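Participant: If you scroll down you'll find the structure; I have some questions about it.
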Amino acid sequence: MYESIVFLFGNSFLWGLKPLLEKQIVRKTNSIDMSLLRYVLGGLICLFLIVVFGRTQNFLNFGFSVYWNMAIIAFVGFLALFANYYLLSIYDANLVHAVVNALSIIVTMVLGYLFYNEKISMNRAIGITIISIGIFIVYYNK
C-alpha cells in the first residue's frame, strides 16, 4: 500500500512538472523540432535500456502485428505531442495541461464506449459532466 502511494504522488509530481519543463524548452525551439527531438532521444534511451536490462531477445520475438500496432501508437503519440507543444508555445502550461488532460478523459470514455464496449456508469457520466463544466470555466476565463 505504501509503495502505491509513493508511486501515485511521484507520478503526479513528475506529470505535473513535465509541462512546465516543456514550456521552458518550447520557447527555445519550435513544436515540430521539439517533438522530433523528443522521439529521437527517447528512442536512444530505450535502446540503451533494452541492452542494459537484457530485453533484446524479447524485442526480437515480437510478431509483425505488435510492431505495426506500436508504430501506429507512436505516430498518434507524435501528433498529440506536436499539438501539445504547439499549445504550450501559446498558452500557460497549467491551462494546457488542465484542459488537455480533462478533455482526454472525456475522449477516452466516449471512444472506449463506442469501440471497446466499455461501460459508462451514472457516476462516470456525472463526473464527466463536472469535468466539462470545469473545462468551460477554465477556458472561458482565459
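The values are calculated or read from the model by the stated rules, or taken from the named source; none is laboratory data. The shown structure was predicted, so the numbers you read here are calculated from the model rather than taken from an experiment. In this analysis, Cβ positions are derived from the backbone assuming ideal geometry, glycine residues included, and neighbour counts consider all displayed protein chains.
Participant: In this structure, does S104 turn out to be more than 13 Å from the chain's Cα centre (by Cα), surrounded by fewer than 16 Cβ atoms within 10 Å (Cβ to Cβ) and not charged (D, E, K, R)?
Facilitator: Taking the combined requirement at face value, the residue does not satisfy it.
Participant: Then there's this: I'd like to verify a number: residues in segment 10-26 that are touching a residue at least 60 places away in the same chain (Cβ under 8 Å) and not aliphatic (A, V, I, L, M), how many?
Facilitator: Residues meeting the conditions: 4.
Participant: On to the next question. With respect to the numbered conditions (1) more than 20 Å from I135 (Cα to Cα); (2) modelled with pLDDT under 95, which one is the sole condition not fulfilled by L103?
Facilitator: Here L103 meets the rest and fails (1).
Participant: While we're here: Pick from segment 49-73 the residues that are of a type in the set (A, V, I, L, M) and surrounded by 11 or more Cβ atoms within 10 Å (Cβ to Cβ): which of them is farthest from the chain's Cα centre (by Cα)?
Facilitator: Of everything passing the filter in segment 49-73, I50 is farthest from the chain's Cα centre (by Cα).
Participant: Which one of the conditions (1) farther than 26 Å from Y140 by Cβ; (2) assigned to a helix (DSSP H, G or I); (3) at pLDDT 90 or above; (4) outside the structural domain of I131 (by TED's automatic domain parsing) does G54 fail to meet, given that it meets all the rest?
Facilitator: (2)
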